[in-house]
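The numbers here are math on the coordinates, done by the rules we state, and not lab data. The model shown is predicted, which means the values in this text are computed figures rather than measured ones. Ideal geometry is used to build each Cβ from the backbone, glycine not excepted, and the neighbour counts take in all protein chains shown.
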Amino acid sequence: MSVLDLSKLPFPQNNLRSFLDTVCETHEFDFAAYAGMDPVTRTVHGFVNYPDEWQTRYVKQGFQQKDPTLITASRSVAPVDWQRLRSENSFQTVFRAAHDFGIAEQGLTIPVRGPLGDVGLFSVTRKCSDREWSLLKTEILADLQIAAVHLHDHVLTTSTLNQKLTHPSLSTRETEILQWIAAGKSQQDVGDILSISNRTVEVHLRSSRSKLAALTTPQAVGRAIGLGLIYPI
């Protein structure tokens, strides 16, 4: 596969680096990265805010072909905490080298799967204790899933796949429910507001996730916002 560095492209693609910087500033991460795999053009595309020297070393050593944080997440439907990978030799190989550039072993990679076999992987890392990491991850995981979908969908609109994608059409009730979820309401809250049962709310959310090719409700919210179907609060 060829590798395309999106940060070298002209606007609007190159503003994605600033989005990573904002995520890091907001949640006090050290670094963040996005890697995507396009099954049509057979390219790996991505951008990171790691030091330039590490990016050069990473590609030169071919780490993208052996990095377990990417390989494991590309096969997963759930976020991958790097702690579970520490015992693997490939993890030690990559992160012994990364340590020289100030990159910690504490991190998380969130996979995003699109409707046409496209996969996006959003990673964040921070130097901290296991306990501090566990607390932080629990607190902001939903926000990171939405950010992952935003990144992947934004990149996807610049690719060959965009010509084949169809924009999903949500029903009025599905849109209404997702908008309330985006506003921070629970399923029970939404049911009370709309005078419908919690089960009915879940049925509409399940349908929305299916139409939006989202694995989770936060991903569905992120994708709906990205498509302009609902609005951020």
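In segment 166-226, Rg over Rh equals 0.93, where Rg is the alpha-carbon radius of gyration and Rh the Kirkwood radius from pairwise Cα distances.
Springs between Cα atoms under 10 Å define the GNM used for the chain, and in it the highest mean-square fluctuation of PRO68, PRO111, PRO51 occurs at PRO51.
Counting charges near GLN187 (Lys, Arg +1; Asp, Glu -1) among other residues having Cβ under 12 Å from its Cβ returns a value of 0. Cβ-Cβ distance of LEU194 and THR26, R₀ of 35 Å, FRET efficiency by 1/(1 + (r/R0)^6): the value works out to about 0.65. For the pair ASN89 and THR175, the difference between a 0.36 nm per residue extended length and the Cα-Cα distance amounts to 26.3 nm.
Over the chain, DSSP H runs of length four or greater, each weighted -39,500 (n - 2.57), average out per residue to a 222 nm ellipticity of -14500 deg cm²/dmol. Taking only alpha carbon atoms, segment 93-136 gives an Rg to Rh ratio of 1.11, where Rh is the Kirkwood radius. Take each peptide in 176-185, 217-226, count the other Cβ atoms within 10 Å of every residue, and average; sorted highest first, the result is 217-226, 176-185. Its convex hull of Cα atoms gives the chain a direction-averaged projected area, equal to a quarter of the hull surface, of 13.0 nm².
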